[in-house]
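One structure coming up, written as structure tokens, with questions to follow.
Nothing in this text is a laboratory measurement; each read-out follows from the coordinates by a stated rule. Here the structure is a predicted model, which is why all the values come from computation and not from measurement. Neighbour counts run over all protein chains shown; Cβ positions are idealised from the backbone, glycine included.
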Amino acid sequence: MDILIHHAKLRGYSSLMTIGIQNGKITEIAERIHGTADTVLDAQGNLVTESFCNAHLHLCKVYTLKMMDDLALQSYHGAAMTAIELAAKVKEQYNSQWILDNVRKALQLALKYGVTHIRAFADVDCKAKLEGIKALLAAKAEFAGRIALQVVAFPQDGVVREPGTLELMEEAMRLGADVVGGIPWIEYTELDEHTHIDAMFDIAGRYNKDISMLVDDAGDPGLRTLEMLAVAAISRKRVGRVLAHHARAMALYPTPYFKKVTALLKKAHVGIISDPHTGPLHARVKELLAENVLVALGQDDIVDAYYPFGRNNMLEVAFLNAHLLWMTSRPELEKLYDMITIAPAKAMNVPNFGIKAGNDAHLVLLNQSDIPEALQYHEPPKAVISHGKIVKP
């Protein structure tokens, strides 16, 4: 074996187990595994789980808060479109080199805290141009084998209201972006929202890529781009390949309309990525879970115009949302843990993820023996294994 982990507490097992890892794969899980390994870890009865996945991070924006005043941050608490317009000023200074320096800092934190998979957004528009995309693609190559980055080409300022963005989106995909982004609610009219969604689906179809769109990120119950997105996923035959992020207006939906949207989400297999800690409203997470909609948590932002904190620590994100969502019973805490591990991996279509023989070895060895304690302390894991290799001893 390359790695043996002894005395591991695994979720769903009554006894302490041993995990064997070879050639990047989990080869065996048993109470005892005979043989030797290059590296032997003793979990000492503490939890070993899947590594953490972050399905939503604006990675091109990390650590840019110092480049602007607090006006954008204050606006985001009540006027999301105003905040986006104010925050866009920093993009006039975009340069791939300083962005990459910031990205490296954020990804080193990801390794520290056991995050091995990230869906990372880079703004694409006439101000940012392709500088963010270039920085994230460089980071993807640099951290390959340690962190799997899914780079999202994201038209933050719209495609109808920002002429020239469609051409930049096409170029971003040619450069190697992994996911087509979108933010249809930012457009001025319902017709333009449909045009935005259709254009992004067209690009995704040409390049055979998944889609991630920020929808209804404001306190307006009349916003309907989540419904539009789900309908498009069905009609354009992209079932299971579309994620909806934020959906904050859902908090204000009348119950009958919420039920209708929920049915569409399930039919389209559209997952919801929620970040309640970064805004005053959030998707109706507990109700979505009760309806068996796929829901995961994301970090969203790290020290930028939308959120002044963040460490790329998904245990911390789950800890915060245990309070915000009032999910504090043991079953709810277990569900929160799923929402930073297996749920985002499924949402991101990460193959062969999970603690099972034959799957890829993406694991964390925690310093705690149960989920409530792990969330309480939300500290760095004792060890992080990514792609079958120890990336944090």
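Quick one: angle between helix 131-142 and the longest Cα principal axis of the chain, in degrees between 0 and 90, rounded to 10, please.
10 degrees
Can you tell me the length gained on complete extension of the stretch residue 175 to residue 112, counting 0.36 nm per residue apart and subtracting the Cα distance?
Contour length minus the Cα-Cα distance gives 19.7 nm.
Can you pull out the trypsin sites (Lys or Arg not before Pro) in region 234-288 whose DSSP state is coil and whose Cβ has at most 14 other Cβ atoms within 10 Å?
In loop regions of region 234-288 (DSSP not H, G, I, E or B), the sparsely surrounded trypsin sites (Lys or Arg not before Pro) are 237.
Cross-link list 335/356; 112/389; 356/392; 112/266: which exceed 24 angstrom alpha carbon to alpha carbon?
112/266
Taking H placed 1.01 Å from N in the peptide plane, check which residues at least 5 places from residue 121 or on another chain put their amide H under 5 Å from its amide H.
57, 58, 59, 60, 152
How about region 184-222: which chymotrypsin sites (Phe, Trp or Tyr not before Pro) there lie in a loop by DSSP and see at most 15 other Cβ atoms within 10 Å?
188
Kindly rank 29-42, 287-300, 318-331, 48-61 from highest to lowest mean number of other beta carbons found within 10 Å of each residue.
On the way: 29-42: 12.5, 287-300: 21.1, 318-331: 15.6, 48-61: 27.9.
The most tightly packed comes first, giving 48-61, 287-300, 318-331, 29-42.
Run the dipole for the chain about the Cα centre, Lys and Arg Cβ at +1, Asp and Glu Cβ at -1, nothing else charged, and hand back the magnitude in debye, nearest 20.
920 debye
Considering only DSSP beta bridges where both residues belong to the chain, give the percentage that are antiparallel (nearest 5).
The answer is about 40 percent antiparallel.
Here's something else I'd like to know. Largest first and in whole Å, give the semi-axes of region 115-234's equivalent ellipsoid, each being the square root of 5 times a Cα gyration tensor eigenvalue.
25, 15, 13
What ranking do 209-215, 161-167, 220-226 get when scored by the average of other Cβ atoms within 10 Å per residue, highest first?
209-215, 220-226, 161-167
7 Å from Cα along Cα→Cβ at both residue 34 and residue 15: what's the point-to-point distance in nm?
With each label placed 7 Å out from Cα toward Cβ, I get 1.5 nm.
Taking just the alpha carbons, could you work out the radius of gyration and Dmax for the chain, both in angstroms?
20.5, 65
Per residue of region 230-240, what does 6.51 cos²θ - 1.76 cosθ + 1.60 with θ = phi - 60° give for ³J(HN,Hα)? Whole Hz please, x for Gly and Pro, Karplus curve as stated.
Residue by residue, region 230-240 yields 5, 4, 5, 4, 6, 5, 9, 6, 10, 4, x Hz.
At 222 nm, what helix-only mean residue ellipticity would the chain give, in deg cm²/dmol to the nearest 500, using -39500 (n - 2.57) for each DSSP H run of four or more?
The per-residue figure over the chain is -10500 deg cm²/dmol.
Let me ask something else. Step through the residues of region 352-359 one at a time and calculate ³J(HN,Hα) from phi using the Karplus curve (6.51 cos²θ - 1.76 cosθ + 1.60, θ = phi - 60°), rounding each to whole Hz and writing x for Gly and Pro.
6, 9, x, 7, 7, 4, x, 7
Let me ask something else. Over region 52-347, calculate the relative contact order: mean separation of alpha carbon pairs under 8 Å at least 6 apart, over the residue count, as a percent.
21 percent
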